[in-house]
Amino acid sequence: MRPGFDLEGKRVMVVGLARTGLASALFSAAYGAHVTATDDRTEAELSESAMRLRDAGVALELGGIREASVLAQDLIVVSPGVPANIPALAAARKKEIPVWSEIELAWRYLRGKLVAITGSNGKTTTTSLVAHILRTSTIPAHVGGNIGTPLLSFVERSSDTDVTVAEVSSFQLETIDAFRPEIGVLLNLTPDHLDRHTTFEEYAAAKMRMFANQLERDWAVLNADDPEVTKRTPAKSKLCWFSRQKRVAVGAFLLNDSIMFRNEGFEVELAKRSQIPLRGEHNLENVLAACAASYLAGATPAAIAEGVKTFQAVEHRLEFVAEIAGVEFFNDSKATNVDAAAKAIEAFPSGLRVILGGKDKGAPYTPLVPLLKERARQILLIGAAAPKIADDLAELGMAMPIERADTLERAIHLAYRSAEAGDTVLLAPACSSFDQFENYEHRGQTFKQIVQHLAEESQAGATASAAPQPEKG
Ligand code: ADP
């Protein structure tokens, strides 16, 4: 049984009013709480959200958080964008006022099974694939969390036979209390968000909170090939592994072309490796994890095979954009950290022209050196992190040009101008986007627009040169 939480008559403060905060405030108000909502932004900046909140009877405290109001609450719901250690929230904890993320509140109200997916990279891809497989297996599935739709929005619709598939970030996990997925997946652990989590240990500890409340009957689905994961296995949960490299005692692994699942000595085929429509070894890991999690959640082997075969890459994740004169363009704008960029580069054996840069996140770029040496022909740097990346990649300068392109548009043009048929231009920035773009989606869309434009120009050029020329003279 879940502990539940009765919002009726409680004083609830919601901190941070982006999508998740807005949903938390409206939900709490609808369930009878006296809600105060706070944000650093002003009422004018919040515009429509502020109106919706006022209409729902939510009190607004804008332009910054006030400790006195925080301390007068029964519950604080903090948005994933707000650091959990700001002084006002520390003060609330000291007074033993619970500080929860939206996933904690939602979990107490949701019905049915919960599959929660975390890791440094691959969460969105794996979450979408699990949901796609479950639906292929006619299991009603809701998909939400960090991926977009707040979990609270499924509460009214959820029933005991549903499965909620939630993408969960380390920020959300920092502020859980009793949150307990029946199936928790940890894809990998590599340095990320070191601008917000002070150390790797702290970041890894936040991810491991996924399993903190699991019972003996719950499943932890874990990457057997990631040493940072294997050295931190949860104590209570049943362990289900996935591996590209070896047969596991319990879990998913490869046997020639088959993705197999093994439990208690029994093995069953879940899907075919050759039918995975996604590029890269990293996506093979995501598929293995998704096969294991959806099998544990009740999907049939036939539906898993079909689901894997019919899945399409999520936008901005190694997304094929266009081919122009034999040069292919791939958008991996979501590669916002060094490991994700490394995985994207690894998905192509050679002929790469890689666009790197954006807002630095604190980790070194040196791990990219051997990969780029092997597979790339040109590096194009954009954004604020360019000088640091250039320093970290300096030794590559002997082998290939490293060009300061500054803007994405210039980078694409420089790459295309130097490219030969058979080359690939890859946007895999290894940085966040906030120095030049609103977010990674905006960066990816900009990339696609510029490439499309280039494709049209080249098409027009080809048509013009093929057309009969007017006679001279
Ligand atoms: P997340 O939601 O964790 O950010 P995504 O599925 O959106 O994960 O993928 C983010 C980026 O990480 C993509 O650009 C992709 O190239 C890379 N990536 C995806 N899966 C993995 C993985 N298993 N290991 C490493 N990198 C990955």
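Odds and ends about this structure:
- L17 being open to solvent by less than 10 Å² (accessible area, probe 1.4 Å), in the same structural domain as L288 (by TED's automatic domain parsing), within 30 Å of E315 (Cβ to Cβ) and among the hydrophobic types (A, V, I, L, M, F, W, C): no
- Among the criteria (1) open to solvent by 10 Å² or more (accessible area, probe 1.4 Å); (2) without any contact (Cβ under 8 Å) to a residue 40 or more places away in the chain, the one G383 does not fulfil is (2).
- If the condition is being without any contact (Cβ under 8 Å) to a residue 40 or more places away in the chain, open to solvent by less than 30 Å² (accessible area, probe 1.4 Å) and within 16 Å of the ligand (Cβ to nearest atom), then the range 129-147 contributes A131, G144.
- If you go through the range 251-273 and keep only what is open to solvent by less than 30 Å² (accessible area, probe 1.4 Å) and under 24 Å from S237 (Cβ atoms), you end up with G251, A252, F253, I259, M260, F261, V268, L270.
- Residue that is nearest to the ligand (Cβ to nearest atom), among those in the range 279-316 that are part of a helix (DSSP H, G or I) and of a type in the set (D, E): E285
- Pair list, Cβ < 7 Å and 6+ apart or interchain, from the range 390-407 residues that are among the basic types (K, R) to residues that are modelled with pLDDT of 95 or more: R404/L381; R404/A386
- Unique match (being in the same structural domain as F348 (by TED's automatic domain parsing), crowded, with 17+ Cβ neighbours inside 10 Å and closer than 18 Å to F447 by Cα) among L396, L408: L408
- Candidate set from the range 50-99 (those that are β-branched (V, I, T) and closer than 11 Å to T175 by Cβ); member that is nearest to the chain's Cα centre (by Cα): V82
- Scan of the range 298-316 for residues that are surrounded by fewer than 20 Cβ atoms within 10 Å (Cβ to Cβ), among the β-branched types (V, I, T) and under 24 Å from the mean Cα position of the chain (by Cα), ordered by number: T310, V314
- Condition check for E319: crowded, with 16+ Cβ neighbours inside 10 Å, farther than 12 Å from S258 by Cα and within 13 Å of the ligand (Cβ to nearest atom): yes
- Subset of the range 89-128 (residues that are out of contact with any strand residue (DSSP E or B) (no Cβ under 9 Å at 6 or more places or on another chain), within 15 Å of the ligand (Cβ to nearest atom) and not hydroxyl-bearing (S, T, Y)): N121, G122
The values are calculated or read from the model by the stated rules, or taken from the named source; none is laboratory data. Since we're looking at a predicted model, the values are computed, not measured. Quick reminder, even Gly has a Cβ in these numbers, built from the backbone with ideal geometry, and neighbours come from all protein chains shown. Please note that ligands, DNA and RNA were not included when accessible areas were found on the heavy atoms of the full protein model with its side chains. Shrake-Rupley method; radii C 1.70, N 1.55, O 1.52, S 1.80 Å.
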